[in-house]
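Here is the structure we will look at.
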Amino acid sequence: MPWVYICFCEGRDPGDESLLIWIYTMSYNIIIVAPVPSLPINDGYSYYFMNRIKYLAKKNYKLYFHASISTSSKNINFSELRKFCEELHIYKYDTFKQSLKNRNLKNTLGIITKFWLPTTVSMRFSSKMKKDISCCLNAHKIDVIIIEYPYLLINIPKELNAPVVLSQHNLEFSKLRKRAIHVNFLKKIAMLHESQRLKKYERKNIKNKIVSLYTFISTENKKIFENIFCAENTYLLPPGYNLYSRDQSVYQEGKIVFVGAMNDLQNITAIEWFANKIFPTIIQKNKNVKLYIIGKDPDRKILQLNSENIIVTGKVNSIDKQIVDAHLYILPLLFGDGVKIKTLEAFATGNIVISTSIGVEGTGFISNHEYILADTEDEFIEKCNLVLSNRKKYEYLAINAMNKIQQLYSWDNIMEAYEKRIGDLMTTDGRET
C-alpha cells in the first residue's frame, strides 16, 4: 500500500490548529506485460484487464506497459492505453500460420527451432521485449511485474529484483484440451499436443520459482492448479462489475442478445447451436423475435447467420448500450473454462439470463434464483418462450442477480484486497513497503 507519514511537531498538542502535518505518499512502479486489449472494450479479457489498469492508474501507480499484439490485429486505439501508462512499448508477432503465409522465414525458423516450447509461447517470444524489460528494471525502481497469461512469461529476464505476479486467467492447457473435443481429427491431435507442452512449460516455471504469485479468475481453476502442480502461492482475483441503472419495465420486445468475441471457438459453437437448433422453433411462436449477436471479429460461419431475424453487429462502440434494453440474454455455451466475464456483464446490466451449466460455471449464481438453467435444446426452447411471453414474471431473477453482483463482485473491494496482497508480497520478498 502507499506510505503515509504523519509527523507531529515536537512539543505541540495534537489537537492544536497550528499542528504541522506532513503527508508523503509513495506509489509502486509496475511493469505490465500483456496482450493488447480491444479498445473500445469488446471482449471479456479487455474488460477484466482495463478495469485493473484504470484502478492502478487512479492510485497514481506508475505503469510501464509492454504490450504483445498479433500482426493481424487492426484499428487498436493505443491513445486510450497511453493515458494510463508512463511508457507503452508495442511488440508485434506472427502466428505460425501467419509466418508461413507471409513467408516470414525468420519468424518461422524461430518457432521451429524452439520446438520444445508450446507454439503459443515460442511465437510470442521477443528478444527486444526481453531487452526492454531488462532496461526498464534497471532504469526504474520496479516494485512488481504483472504478466497476463503464462505464454508471455518467456520474455521475462532471469535476473530479477522484483516479484512476478502471473495472471493465469483460467487454465490455458485445460482450455485447449476442452476445445479439442469440438474440432476435426488433425486439429484435435495438434491441440492435445499443444496442451501437453503448455502443461509441461508451466510445471517447469513453477519448479524454477519464477513466479511469486499466481492469480485466477475462478475458484475451481485455482484448486485444480494447486492440485496438479502442488502450488501454494495462488490468489483468487475475480472480475468485478459495477451495476448499471436499468428500469426492468423498459425493454425491446423480443430482443435476445448474446455477447462474445465471435472468432472464439466456444462462442462460435454456442451461437451456431442456438441459431440452428433452437431459434427456428422460437420464431414459430414469436414472429417478431430478433437475435443480436454482438462481438468483435465475427467468423465467416457467424456472418452467414445474418438474416431478417438474426443481426450480427460485429464490433460495437458500447456493448452496454446494446444489451441494457434486452428482453432476454442467452448463454448457450457447450464448453469453456472458468468464469465467463460475459456472464457477470449480463447480470450487472439487469438482464434476465438463460444459461447452460457451462455458462455460469464458477460464478456461484443459483438456478431459479438469479438465472434460468437450460442444458438441452428442448429446455432452451421452453425457457426462452416462457420469458418472451411473460418477462415480468421473471424480473425478480435479474434483481437478485444484481444484488449478488453488488455483494461479491465490486471492483473497488476486489482491487483493494489485491493491492494489499501485492504489498504483502513485496514485504515477503524483502522489499520495503
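From the set of residues in the range 212-231 that are part of a loop (DSSP other than H, G, I, E, B) and within 23 Å of the chain's Cα centre (by Cα), which is farthest from residue 362 (Cα to Cα)?
Going through the qualifying residues, I end up with 212.
Would you pick out the residues in the range 350-362 that are assigned to a loop (DSSP other than H, G, I, E, B) and in contact with a strand residue (DSSP E or B) (Cβ under 9 Å, 6 or more places away or on another chain)? Reasoning before the result, please.
At the first step, the residues of the range 350-362 found to be assigned to a loop (DSSP other than H, G, I, E, B) are 350-352, 356-362.
Result: 351, 352, 356, 357, 358, 359, 360.
If you go through the range 191-211 one residue at a time, do you hit one that is within 19 Å of the chain's Cα centre (by Cα), modelled with pLDDT of 90 or more and not in a helix (DSSP H, G or I)?
First, the residues of the range 191-211 that are within 19 Å of the chain's Cα centre (by Cα): none.
The answer is no; no qualifying residue exists.
Which one is modelled with the highest pLDDT among residues in the range 90-128 that are aliphatic (A, V, I, L, M) and under 20 Å from residue 198 (Cβ atoms)? Outline the logic, then answer.
Kept after step one, since they are aliphatic (A, V, I, L, M), are these residues of the range 90-128: 90, 100, 105, 109, 111-112, 117, 121, 123.
Checking which are under 20 Å from residue 198 (Cβ atoms) leaves us with 111-112, 117, 121, 123.
Values: 111: 65, 112: 68, 117: 88, 121: 93, 123: 90.
Checked the range 90-128; the qualifying residue modelled with the highest pLDDT is 121.
Which of the residues spanning the range 237-264 are at pLDDT 90 or above, within 30 Å of residue 52 (Cβ to Cβ) and surrounded by fewer than 19 Cβ atoms within 10 Å (Cβ to Cβ)?
Matches in the range 237-264: none.
If you take the residues in the range 366-393 that are touching a Leu at 6+ places or on another chain (Cβ under 9 Å) and in a loop (DSSP other than H, G, I, E, B), which one is surrounded by the most Cβ atoms within 10 Å (Cβ to Cβ)? Write out each step before concluding.
Looking only at the range 366-393, we keep the residues that are touching a Leu at 6+ places or on another chain (Cβ under 9 Å), and these are 367-372, 379, 383-384, 387-388, 391, 393.
In the following step, the residues that additionally are in a loop (DSSP other than H, G, I, E, B) were identified as 368-370.
Working: 368: 10, 369: 11, 370: 23.
Of everything passing the filter in the range 366-393, 370 is surrounded by the most Cβ atoms within 10 Å (Cβ to Cβ).
Do we find that residue 323 is among the aliphatic types (A, V, I, L, M), at pLDDT 95 or above and buried (at least 18 other Cβ atoms within 10 Å of the Cβ) in this structure? Talk me through it step by step, then tell me what you get.
On the way: among the aliphatic types (A, V, I, L, M): yes; at pLDDT 95 or above: no; buried (at least 18 other Cβ atoms within 10 Å of the Cβ): yes.
Against the criterion (among the aliphatic types (A, V, I, L, M), at pLDDT 95 or above and buried (at least 18 other Cβ atoms within 10 Å of the Cβ)), residue 323 does not qualify.
Of all residues in the range 372-385, how many are touching a residue at least 12 places away in the same chain (Cβ under 8 Å) and either outside the structural domain of residue 331 (by TED's automatic domain parsing) or of a type outside the set (Val, Ile, Thr) (or both)? Spell out how you get there, then give the answer.
Narrowing the range 372-385 to residues touching a residue at least 12 places away in the same chain (Cβ under 8 Å): 372-375, 377, 380-381, 383-385.
Right, trim to either outside the structural domain of residue 331 (by TED's automatic domain parsing) or of a type outside the set (Val, Ile, Thr) (or both) and you get 373-375, 377, 380, 383-385.
Residues flagged as touching a residue at least 12 places away in the same chain (Cβ under 8 Å) and either outside the structural domain of residue 331 (by TED's automatic domain parsing) or of a type outside the set (Val, Ile, Thr) (or both) within the range 372-385 amount to 8.
Can you go through 199, 204, 209, 187 and tell me which one is at positive phi and without any contact (Cβ under 8 Å) to a residue 60 or more places away in the chain?
Numbers: 199 fails: at positive phi; 204 fails: at positive phi; 187 fails: at positive phi.
Residue meeting the stated conditions: 209.
Check every one of the helices (runs of 4 or more DSSP H) wholly within the range 264-304 and list those with 3 or more residues that are aliphatic (A, V, I, L, M) and in the same structural domain as residue 387 (by TED's automatic domain parsing). It would help to see each step written out before you state the result.
On the way: elements: 265-273, 279-285, 300-303.
By residue number, 265-273.
Exactly one condition in (1) surrounded by 15 or more Cβ atoms within 10 Å (Cβ to Cβ); (2) modelled with pLDDT of 90 or more; (3) in a helix (DSSP H, G or I) is false for residue 175; which is it?
Among (1) surrounded by 15 or more Cβ atoms within 10 Å (Cβ to Cβ); (2) modelled with pLDDT of 90 or more; (3) in a helix (DSSP H, G or I), residue 175 violates only (2).
Taking only pairs six or more apart or across chains, which ones have beta-carbon atoms under 7 Å, a first residue in the range 388-404 that is over 12 Å from residue 346 (Cα atoms), and a second residue that is assigned to a helix (DSSP H, G or I)?
Once the first residue is over 12 Å from residue 346 (Cα atoms) and sits in the range 388-404, its partners that are assigned to a helix (DSSP H, G or I) give 394/387.
The values are calculated or read from the model by the stated rules, or taken from the named source; none is laboratory data. Quantities reported herein were computed from a predicted structural model and do not represent experimental measurements. Reconstructed Cβ throughout: ideal geometry from the backbone, glycine too, with neighbour counts over all protein chains shown.
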